[in-house]
């Protein structure tokens, strides 16, 4: 899902503010603790300075006003060993206070960041659930997952770690520079010279890092998609002996992904190496200039030691601002990728859409439809009488499943493409959720959740009693098979229903749909994986169960369709023929040809058995 979507900077800021809402207290607490930690950290060089100059040396001390009445320097000077112990104790106390502040910073930051990222994940998942079917078919699952995990983590790392680090660093720079300038303006100037150089070098790398990270991030999505497809389709891979082919395909994508990250790593290495060089040059310049200042008597020895300590502490955060810029470029790319999903339009209903009970005939009125310019249906018209059983027969690609997708509003008809009505009401005037609740749908390849069989059957009616659930399973001819499992209805079906056979999955899906008690029931080639005898039993049981419901059957198998009230024959997206089984079999055409190919003596017997109610 490669895209050039760009989130405007203003919208990126609005996004951050929106998801910070509700967690600002935690971030404020983290920032307060971080600033207090810096204040305590700044005390240590001052303790060393006073100890060296005024306790061990002869310089006149200038203590803060709060401490002047509490500490007698003459008493400390009388016993240097005692003075050193007291200085060491003061350093330990300051370190403990700093540790408490660091703990508070980490705890608050952890709570705030988790609250922040939880809101993003919740919104993403909620939004993806409401995106239209066409969007999902156009984008790979692996890339969607990668955007919802890796990209969200990149955003979280930047907003919750780096932005807090920025505030902490700015506070540190202001505090330390204020102290350093008060100690030696000339030496402070030497230190300040390197700051714009570091900032300029960071800016040079910013755009290059951004482009390379985007390419690497998209390559990661391809690797994730490849792995996801192979893990879910492992049985197909094994069945066709494609292990070596799939290994080579994954290795090719993984190699490209690795090479892109190596390129990014090389660029980052150059950046960090140049940053380290500039930092070392700054420290060296301050030491050389400070030594000259001390030798010439313009700075005390304790002041020089303290100044060097402040400079070293200041050098690395200034360099870290460059890391913020590189992480900002990564976060910008990730926001674009996450924003692409959040900006995708959700399925919507018209202003006049309302809830209604589905009753009456289903009419396809001159329906024409195409997928991305590829015609699928062309001027298709037919009527499904209310309460009848309607069948659709056609070859692969004739548009059978598309009819159901349109009826369920997985796709909407545009202007001039005809219309679909139920009881005389255009389905576009019926709320999607209302429409889909009343259309039971069983697909040829049903999806089962990684839960128990009981939970899968009860998905549409979670609080249904056990008797009702087992009755639905019995109608679908799967109750007996389920009870043979060691755990019965408590059997875990595994990912995508891997525990069950194809026929068992289809029958569990039928039982799940029956629990829905929908007035319109659609079977889209949903008995293709069961044998003809079981097919006949299921059809007979369904006829007894579904009295009064409108039933739509789609199948390649004549025996499944021939008991329908009317049968529609599609050919290349057009209506080729329509009528009852006896009418269609009596005249030459596609239906008669398929009937002659498929039918045998055994099939005729099963037709008779399946027709008994």
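The values are calculated or read from the model by the stated rules, or taken from the named source; none is laboratory data. If you're wondering where the values come from, they're calculated on a predicted model, not measured in any experiment. Glycine also receives a Cβ, built like all others from the backbone with ideal geometry; neighbour counts cover every protein chain displayed.
Return yes when residue 363 is touching a strand residue (DSSP E or B) at 6+ places or on another chain (Cβ under 8 Å), more than 17 Å from residue 438 (Cβ to Cβ) and surrounded by 14 or more Cβ atoms within 10 Å (Cβ to Cβ) and no when it is not.
Details: touching a strand residue (DSSP E or B) at 6+ places or on another chain (Cβ under 8 Å): yes; more than 17 Å from residue 438 (Cβ to Cβ): no; surrounded by 14 or more Cβ atoms within 10 Å (Cβ to Cβ): yes.
Judged against the criteria, residue 363 is not a match.
If you check 418, 395, 414, 424, which single one turns out to be more than 30 Å from the chain's Cα centre (by Cα) and surrounded by 16 or more Cβ atoms within 10 Å (Cβ to Cβ)?
On the way: 395 fails: surrounded by 16 or more Cβ atoms within 10 Å (Cβ to Cβ); 414 fails: surrounded by 16 or more Cβ atoms within 10 Å (Cβ to Cβ); 424 fails: surrounded by 16 or more Cβ atoms within 10 Å (Cβ to Cβ).
The unique qualifying residue is 418.
For segment 120-144, the set of residues classified as at pLDDT 85 or above and within 12 Å of the chain's Cα centre (by Cα) consists of 120, 121, 122, 123, 124, 125, 126, 127, 128, 129, 144, listed by residue number. The set of residues from segment 405-421 being under 20 Å from residue 135 (Cα atoms) and either in contact with a helix residue (DSSP H, G or I) (Cβ under 9 Å, 6 or more places away or on another chain) or at pLDDT 90 or above (or both) comprises 405, 406, 407, 408, 409, 410, 411, 412, 413.
Yes or no: residue 466 within 38 Å of the chain's Cα centre (by Cα) and farther than 24 Å from residue 435 by Cβ? Talk me through it step by step, then tell me what you get.
On the way: within 38 Å of the chain's Cα centre (by Cα): yes; farther than 24 Å from residue 435 by Cβ: yes.
Yes; evaluated as a whole, the condition is true for this residue.
Among the conditions (1) at pLDDT 85 or above; (2) within 26 Å of residue 359 (Cβ to Cβ); (3) touching a helix residue (DSSP H, G or I) at 6+ places or on another chain (Cβ under 9 Å), residue 549 misses just one, which is (3). Would you be able to say whether some residue in segment 346-359 is part of a loop (DSSP other than H, G, I, E, B) and at pLDDT 90 or above? No. Output the residues belonging to segment 560-585 that are free of Cβ contacts under 8 Å to residues at least 40 places away in the same chain, over 14 Å from residue 384 (Cα atoms) and out of contact with any helix residue (DSSP H, G or I) (no Cβ under 7 Å at 6 or more places or on another chain). Once the filter is applied, which keeps residues that are free of Cβ contacts under 8 Å to residues at least 40 places away in the same chain, over 14 Å from residue 384 (Cα atoms) and out of contact with any helix residue (DSSP H, G or I) (no Cβ under 7 Å at 6 or more places or on another chain), segment 560-585 yields 581, 582, 583.
Just wondering, is there one or more residues in segment 54-75 that are surrounded by fewer than 18 Cβ atoms within 10 Å (Cβ to Cβ), modelled with pLDDT of 70 or more and part of a helix (DSSP H, G or I)? No, that holds for no residue.
In segment 416-467, which residues are part of a helix (DSSP H, G or I), closer than 15 Å to residue 508 by Cβ and in contact (Cβ under 8 Å) with a residue 24 or more places away in the chain? Passing the criteria: 453, 454, 456, 457, 458, 459, 460. If you go through segment 134-153 and keep only what is loosely packed, with under 15 Cβ neighbours inside 10 Å and either in contact with a helix residue (DSSP H, G or I) (Cβ under 7 Å, 6 or more places away or on another chain) or within 27 Å of residue 327 (Cβ to Cβ) (or both), you end up with 141, 145, 149, 153. Those helices (runs of 4 or more DSSP H) of segment 470-549 in which at least 2 residues are more than 31 Å from the chain's Cα centre (by Cα) and crowded, with 21+ Cβ neighbours inside 10 Å, considering only elements entirely within it, cover 502-516, 532-545. Consider segment 87-97 and keep the residues that are modelled with pLDDT under 90 and in contact with a helix residue (DSSP H, G or I) (Cβ under 7 Å, 6 or more places away or on another chain). The one that is farthest from residue 411 (Cα to Cα) is 87.
Kindly evaluate residue 340 against the criterion of being farther than 30 Å from residue 139 by Cβ, touching a residue at least 12 places away in the same chain (Cβ under 8 Å) and touching a helix residue (DSSP H, G or I) at 6+ places or on another chain (Cβ under 8 Å).
Numbers: farther than 30 Å from residue 139 by Cβ: no; touching a residue at least 12 places away in the same chain (Cβ under 8 Å): yes; touching a helix residue (DSSP H, G or I) at 6+ places or on another chain (Cβ under 8 Å): yes.
For residue 340, the condition - farther than 30 Å from residue 139 by Cβ, touching a residue at least 12 places away in the same chain (Cβ under 8 Å) and touching a helix residue (DSSP H, G or I) at 6+ places or on another chain (Cβ under 8 Å) - is not met.
Taking the conditions exactly as written (part of a helix (DSSP H, G or I) and within 16 Å of residue 159 (Cβ to Cβ)), does residue 97 satisfy them or not? Spelling it out, it is not the case that residue 97 is part of a helix (DSSP H, G or I) and within 16 Å of residue 159 (Cβ to Cβ). Please enumerate the residues belonging to segment 18-51 that are under 30 Å from residue 217 (Cα atoms) and at pLDDT 85 or above. Of everything in segment 18-51, those that are under 30 Å from residue 217 (Cα atoms) and at pLDDT 85 or above turn out to be 18, 19, 20, 23, 24, 27.
Being at pLDDT below 80 and touching a strand residue (DSSP E or B) at 6+ places or on another chain (Cβ under 7 Å) is a description that does not apply to residue 521. All conditions but one from (1) closer than 19 Å to residue 133 by Cα; (2) part of a loop (DSSP other than H, G, I, E, B); (3) in contact with a helix residue (DSSP H, G or I) (Cβ under 9 Å, 6 or more places away or on another chain) apply to residue 397; the one that does not is (3).
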